[in-house]
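Undergrad: Let me begin by handing over the structure; questions about it come next.
The values are calculated or read from the model by the stated rules, or taken from the named source; none is laboratory data. Being a predicted model, the structure only gives us computed values, none of them experimental. Here the Cβ positions follow ideal geometry from the backbone for every residue, glycine too, while neighbour counts run over all protein chains shown. Ligands, DNA and RNA are stripped out before the accessible areas are found, and what is left, the full protein with its side chains, is counted by its heavy atoms. Shrake-Rupley method; radii C 1.70, N 1.55, O 1.52, S 1.80 Å.
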Amino acid sequence: MRFARLWPSLVLSCSLSFAVAPATSVSAPWQDLTRIDVEAAYHLLADNDPAALPQVGDRTFTTALAEAHRRALARAAQVTNLEGHDATLAAFANAMGDGHIWSYGEFLPRTVKWAGIIVAKRGPNWVVAKDDRKITGRTLDGADILSCDGRPISQVAQRILPFHAVMSDEAEEVLRAGWLLIDDSNPFVHPPAACVFDRRGTHLDVALHWTRIGFVKLVRSEWPRPFGQAGFGVRRSGKGYWISIQALTPKAQPVLNAVRAEQTQIRAAPYVVVDLRGNGGGDDSYGRRLAQELYGTAYVDAILGPGVFAAGSCHEVYRASPQNIVALREAAQVFRRTGDMIGAKAYHDAVARMKAAQAHGQALTGPLTCTPAPSVQHTAAPSRFKGKVFVVTDAACFSSCINVVGFFRKLGAVQVGENTGSDTHYAEVRQIVLPSGLSTFSTLQAIMPDYPPTIGPFVPRRIYGGNIADTPALEAWIRGLATKS
C-alpha cells in the first residue's frame, strides 16, 4: 500500500521526545553508527527497489542512488550527534527524488530555535505566514522574503530544505517551507543572521533573533498548516453538492455510501465539488468508485479502462527479493486480520508470483510493459452526470490522490486550487527501522507498468490565490466559478 508524506504535527503522535546531550569530543561512535545506517539504507534500496535493477533502465534513479550514497558516507564521517545522524539519513532519502522514499527520526527534540517567523511558499514567493513580534521587533506577517545573508531566498532554500523535502517536487517545498527559518541543530547548515523583507513595497533589513522554543508548542501553536483539511462528508453547497474526502482509506466508505443514497439528487445538480484537500493518498479505488457513483460505471470504465482487479487489467510487477516476499506475506496477514480480504488476496497472489519468479531466476514478476484490454467506445456509454465537477487540490495531494485527480481530469472534471505533488510509477512502499533504532527508511517494491514513469504534478485550470485552508472563502470562490461556467 502507498502512504502519505508526513507533516511535522502528524509525526508527533508516533514519536518520542528525546533530550539530546551536547556533542562530546568522542565522535567516532556517532560516525560509526551513522555509517552503518547509511549502508543499511543503501542496501534496502539497492536490493529491493525495482528502480535499482539494470534491466529496468532507470538511469536517473541509479545515478541518484550512487551519488546520494557517496554524499551520505561523506557526511557520516562528520557526524557528532543525533541531529547530524538524522540529517544525513533524511538528505539521503530526499535525494532519491521520490516522496515515497523517506527517512524519519524516531525521536524528536524537546526544543528547537526559531526567529519568530514561520515561512510559507505561495507560488514562486517565500512569505511570512506567521510572526511573533516580541521576537522580530516589528510586523512582518505577509511580507515577501527576498534574501538572507546576502543570498537570494531561493538559494537559501536550496541549501536548507534538501534535509526536509524532495526539491524536485514543488509541492514538497510548499509543505516543508516552514523549516526554512527553523534551527533544528543540523550541523550541515547554518541559520542566517539577517534577512531582507518586502512588506507592502518597503524593504526591511531585519536581524534574526534566534530563540529557543518547545518543538511540540511550535508545531501545534505557531506553525500554520500549509494545506487544507477537507474532512469527510456530503452536503449541499449553493445549488450543488460538496463531497469531502481527506484520505483514501476506509473513512471514505461512508462518504461513498452517502453519495449513493443521494445519487438521484446529486446527478441532477448543476455542479459537484470533490474536495481532496489534505489528501495524502491511500487506495485510489475509493476515488474510482466515487467517479462511478457520479458519472455511471459504464462511462467511467469506458474512459479509464478496467480497474486494477478487473479482467484484462495490468498487474503490478514486483521485484522478487527475499525481503520483499517476507514483507508482503506479513502485510497480507495484517489485511486478513483486519478483514480486508481484497488486499489480503492481492498480496497473497503477489507473493506467489514473486516466489515463481525466484524459482525461474528472474528478478521481476512480469514484463515491464503492459497494454490493458481495450475498453468499449465511450460514445456507447454516456455520462449519467450532466453538470460540472470541480476537484479541489492542494500541495498535500500525493500518491493515490494524484491518481484520483488524473481519473477525474480524464472524465472531464475541472481541477481547481493548488498544484498537486508528483509521483512515479513505482509502488508498494514499505519502511524499516534502521540498525541503530534511531531512524526509519523506506523503499518501493513494485512497478505499475501501465503508468507513465512520472505522474503529475497536476496543475489546476484555476489557481486559488487565497488561503487554501479557509473553507468558507474557498467555497464562495468556487460557487462563483460554477455560476460563470
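Undergrad: Restricting region 323-341 to residues that are β-branched (Val, Ile, Thr) and either in contact (Cβ under 8 Å) with a residue 24 or more places away in the chain or closer than 15 Å to Gln445 by Cα (or both), which is surrounded by the fewest Cβ atoms within 10 Å (Cβ to Cβ)? Can you show your working first?
TA: So in region 323-341, the residues β-branched (Val, Ile, Thr) come out as 325-326, 334, 338.
The next check asks that each one be either in contact (Cβ under 8 Å) with a residue 24 or more places away in the chain or closer than 15 Å to Gln445 by Cα (or both); those that pass are 325-326.
Numbers: Ile325: 20, Val326: 11.
Selected residue: Val326.
Undergrad: Could we say that Pro192 is touching a Cys at 6+ places or on another chain (Cβ under 8 Å), modelled with pLDDT of 95 or more and within 30 Å of Thr80 (Cβ to Cβ) here? Talk me through it step by step, then tell me what you get.
TA: Numbers: touching a Cys at 6+ places or on another chain (Cβ under 8 Å): yes; modelled with pLDDT of 95 or more: yes; within 30 Å of Thr80 (Cβ to Cβ): yes.
Yes: the conditions hold for Pro192.
Undergrad: Testing Gly201 on (1) at negative phi; (2) free of Cβ contacts under 8 Å to residues at least 12 places away in the same chain; (3) over 20 Å from the mean Cα position of the chain (by Cα), one condition comes back false. Which one is that?
TA: With (1) at negative phi; (2) free of Cβ contacts under 8 Å to residues at least 12 places away in the same chain; (3) over 20 Å from the mean Cα position of the chain (by Cα) applied to Gly201, the lone miss is (1).
Undergrad: Something else: For region 394-413, indicate whether the set of residues that are in contact with a Leu (Cβ under 7 Å, 6 or more places away or on another chain) and more than 30 Å from Leu65 (Cβ to Cβ) is non-empty.
TA: Yes: one or more hits.
Undergrad: I'd like the full set of residues that are touching a residue at least 24 places away in the same chain (Cβ under 8 Å), farther than 30 Å from Ile117 by Cβ and surrounded by fewer than 17 Cβ atoms within 10 Å (Cβ to Cβ), limited to region 214-248.
TA: Scanning region 214-248 gives Gly233, Lys239.
Undergrad: Additional query: Going through region 429-442 one residue at a time, which ones are surrounded by 21 or more Cβ atoms within 10 Å (Cβ to Cβ), over 14 Å from the mean Cα position of the chain (by Cα) and of a type outside the set (A, V, I, L, M)?
TA: Ser439, Phe441
To keep it simple, each residue is scored yes or no on (1) more than 22 Å from the chain's Cα centre (by Cα); (2) of a type in the set (D, E, K, R); (3) at pLDDT below 95.
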{"position": "Lys134", "(1), (2), (3)": "yes, yes, no"}
{"position": "Asp141", "(1), (2), (3)": "yes, yes, yes"}
{"position": "Asp149", "(1), (2), (3)": "yes, yes, no"}
{"position": "Phe163", "(1), (2), (3)": "no, no, no"}
{"position": "Ser168", "(1), (2), (3)": "no, no, yes"}
{"position": "Arg176", "(1), (2), (3)": "no, yes, no"}
{"position": "Ile182", "(1), (2), (3)": "no, no, no"}
{"position": "Phe188", "(1), (2), (3)": "yes, no, no"}
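Undergrad: Restricting to region 358-370, and then to whatever is of a type in the set (S, T, N, Q) and modelled with pLDDT of 95 or more, can you tell me which residue is most open to solvent (accessible area, probe 1.4 Å)? Outline the logic, then answer.
TA: Taking region 358-370 and keeping what is of a type in the set (S, T, N, Q), we get 358, 362, 365, 369.
Restricting the remaining residues to those that are modelled with pLDDT of 95 or more gives 358, 362, 365.
Working: Gln358: 81, Gln362: 102, Thr365: 30 Å².
So, considering only residues that are of a type in the set (S, T, N, Q) and modelled with pLDDT of 95 or more, the one most open to solvent (accessible area, probe 1.4 Å) is Gln362.
Undergrad: Going by what's in this entry, would Arg277 be described as open to solvent by 40 Å² or more (accessible area, probe 1.4 Å) and not β-branched (Val, Ile, Thr)?
TA: Details: open to solvent by 40 Å² or more (accessible area, probe 1.4 Å): no; not β-branched (Val, Ile, Thr): yes.
Considered against the rule, which asks whether it is open to solvent by 40 Å² or more (accessible area, probe 1.4 Å) and not β-branched (Val, Ile, Thr), Arg277 comes out as no.
Undergrad: Would you mind stating whether Val429 is closer than 13 Å to Arg461 by Cα and either in a strand (DSSP E or B) or in contact (Cβ under 8 Å) with a residue 12 or more places away in the chain (or both)?
TA: Working: closer than 13 Å to Arg461 by Cα: no; either in a strand (DSSP E or B) or in contact (Cβ under 8 Å) with a residue 12 or more places away in the chain (or both): yes.
Taking the combined requirement at face value, the residue does not satisfy it.
Undergrad: Please indicate, with yes or no, whether at least one residue in region 6-25 is in a loop (DSSP other than H, G, I, E, B), modelled with pLDDT under 85 and either surrounded by 19 or more Cβ atoms within 10 Å (Cβ to Cβ) or among the aromatic types (Phe, Trp, Tyr) (or both). Lay out the reasoning, then the answer.
TA: If we filter region 6-25 for residues that are in a loop (DSSP other than H, G, I, E, B), which is where we start, we get 6-7, 13-15, 19-25.
With the extra rule that they be modelled with pLDDT under 85, the set shrinks to 6-7, 13-15, 19-25.
From what's left, either surrounded by 19 or more Cβ atoms within 10 Å (Cβ to Cβ) or among the aromatic types (Phe, Trp, Tyr) (or both): 7.
Scanning region 6-25, I find at least one residue that is in a loop (DSSP other than H, G, I, E, B), modelled with pLDDT under 85 and either surrounded by 19 or more Cβ atoms within 10 Å (Cβ to Cβ) or among the aromatic types (Phe, Trp, Tyr) (or both), so the answer is yes.
Undergrad: Here is a list of conditions, (1) touching a residue at least 40 places away in the same chain (Cβ under 8 Å); (2) within 27 Å of Pro460 (Cα to Cα); (3) open to solvent by 40 Å² or more (accessible area, probe 1.4 Å), and Gly412 meets all of them except one; can you say which number that is?
TA: Every listed condition holds for Gly412 apart from (1).
Undergrad: Let me ask another. List the pairs whose first member sits in region 165-189 and is open to solvent by 30 Å² or more (accessible area, probe 1.4 Å), whose second member is among the acidic types (Asp, Glu), and whose Cβ atoms are under 6 Å apart, counting only residues at least 6 apart or on separate chains?
TA: Close Cβ pairs satisfying both conditions: Ser185/Glu83.
Undergrad: Is there a residue in region 422-433 that is within 21 Å of Trp242 (Cα to Cα) and in contact with a Pro (Cβ under 9 Å, 6 or more places away or on another chain)? Walk me through how you get there before you give the answer.
TA: Pass one, region 422-433, residues within 21 Å of Trp242 (Cα to Cα): none.
There is no residue in region 422-433 that is within 21 Å of Trp242 (Cα to Cα) and in contact with a Pro (Cβ under 9 Å, 6 or more places away or on another chain).
Undergrad: Out of all the residues in region 36-45, is one or more acidic (Asp, Glu), over 30 Å from Asp132 (Cα atoms) and assigned to a helix (DSSP H, G or I)? Spell out the reasoning first.
TA: Applying the first criterion (acidic (Asp, Glu)) to region 36-45 yields 37, 39.
Narrowing further to those that are over 30 Å from Asp132 (Cα atoms): 37, 39.
Filter once more, keeping what is assigned to a helix (DSSP H, G or I): 37, 39.
For region 36-45, residues acidic (Asp, Glu), over 30 Å from Asp132 (Cα atoms) and assigned to a helix (DSSP H, G or I): present.
Undergrad: Could you check region 204-307 for strands (runs of 3 or more DSSP E) lying wholly inside it with 1 or more residues that are under 23 Å from the mean Cα position of the chain (by Cα) and of a type in the set (A, V, I, L, M, F, W, C)?
TA: 232-237, 240-245, 271-275
Undergrad: What is the residue count in region 342-357 for residues that are in contact with an Asp or Glu (Cβ under 9 Å, 6 or more places away or on another chain) and surrounded by fewer than 14 Cβ atoms within 10 Å (Cβ to Cβ)?
TA: 0
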